[in-house]
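The values are calculated or read from the model by the stated rules, or taken from the named source; none is laboratory data. A quick note: this is a predicted structure, and the numbers were derived from the prediction, not measured. With ideal geometry, Cβ positions are generated from the backbone for all residues, glycine too; neighbour counts draw on all protein chains shown. Remember, those area values only see protein heavy atoms, side chains included, never the ligands or the DNA or RNA. Shrake-Rupley method; radii C 1.70, N 1.55, O 1.52, S 1.80 Å.
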Amino acid sequence: MWSDAAGVDGELWVFGYGSLMWRPGFAHLEAIPATLHGYARSFCIWSEHHRGTPECRGLVLGLARGEDAACEGMVFRVAPRDWPETAAYLEERELRGYAYRPAHLPVDLSDGRQVAAHCFVADPSHPHYAGRVPPDEAARIILRARGEAGLNRDYLINTVKSLEQHGYREPHLHALLRRVLELTGELDAGAGI
């Protein structure tokens, strides 16, 4: 099982690229900016729990495979004594009904080290895998969806803010946020969507 894996020299690491960056929800010894190569951040996962419902699905981020891709995020070091509780928490949060596949992948830390980190990558064979959603359609989905964890647009807003706080800029996410804000203005003005 993925949660039983031990890290190198007793170190256990978790890579966050979406809400885990700004709301990890588990005890950690350090949080360090890091880059995962070979994957890109993408709104490619349907959410029917945390950011949507079965009747009004939301979209959340997944790591989509890409040969020349790279995803900047945060890596969290977890004490071995905290790992069983952390693994159970992550399993509930990340694997409950989502199109994620757990993986152990090398990530490059901003301080020059490379570590093997627990990651959750998109599983294209899962029924909740949305694939590539056109930006305007994604904005409309994100605007209307709400789940157990709140508004889907807040997930997007908080992710973009977190990226900016760490000096990361992803033009496609900034453009998506601009479109969501435009649609919000249209909705607030009574035009509907």
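I want to confirm something. Restricting to region 178-193 and keeping residues that are at pLDDT 90 or above and open to solvent by 30 Å² or more (accessible area, probe 1.4 Å), which single residue is farthest from R41 (Cα to Cα)?
E182
Of the residues E48, E72, E55, only one is modelled with pLDDT of 95 or more, among the acidic types (D, E), under 18 Å from the mean Cα position of the chain (by Cα) and closer than 25 Å to D136 by Cα; which? Answer to the selection: E72.
Taking the criterion of being aliphatic (A, V, I, L, M) and open to solvent by less than 10 Å² (accessible area, probe 1.4 Å), the residues of region 110-121 that qualify are A117, V121.
Within region 110-126, which residues are part of a loop (DSSP other than H, G, I, E, B) and under 18 Å from the mean Cα position of the chain (by Cα)? Talk me through it step by step, then tell me what you get.
Initial filter on region 110-126 (part of a loop (DSSP other than H, G, I, E, B)): 110-113, 123-126.
Result: D123, P124, H126.
Taking region 51-63 as the range and being touching a strand residue (DSSP E or B) at 6+ places or on another chain (Cβ under 7 Å), touching a residue at least 60 places away in the same chain (Cβ under 8 Å) and of a type outside the set (S, T, Y) as the test, the residues that pass are R51, G52, R57, G58, L59, V60, L61, G62. Out of the residues in region 1-17 that are modelled with pLDDT of 95 or more and not hydrophobic (A, V, I, L, M, F, W, C), which is surrounded by the most Cβ atoms within 10 Å (Cβ to Cβ)? The selected residue is Y17.
If I filter region 139-152 down to residues being part of a helix (DSSP H, G or I) and under 14 Å from G18 (Cβ atoms), which single residue comes out as farthest from the chain's Cα centre (by Cα)? Before the answer, list the steps.
Initial filter on region 139-152 (part of a helix (DSSP H, G or I)): 139-144, 152.
Cutting the leftovers down to under 14 Å from G18 (Cβ atoms) gives us 142, 152.
Working: I142: 14, N152: 12 Å.
Here the residue is I142.
G112 meets each of the listed conditions (1) modelled with pLDDT of 95 or more; (2) closer than 26 Å to L183 by Cβ apart from (2).
Looking at region 134-145 only, could you name the residues that are touching a residue at least 60 places away in the same chain (Cβ under 8 Å) and buried (at least 18 other Cβ atoms within 10 Å of the Cβ)? Those that are touching a residue at least 60 places away in the same chain (Cβ under 8 Å) and buried (at least 18 other Cβ atoms within 10 Å of the Cβ): A138, I141, I142, A145.
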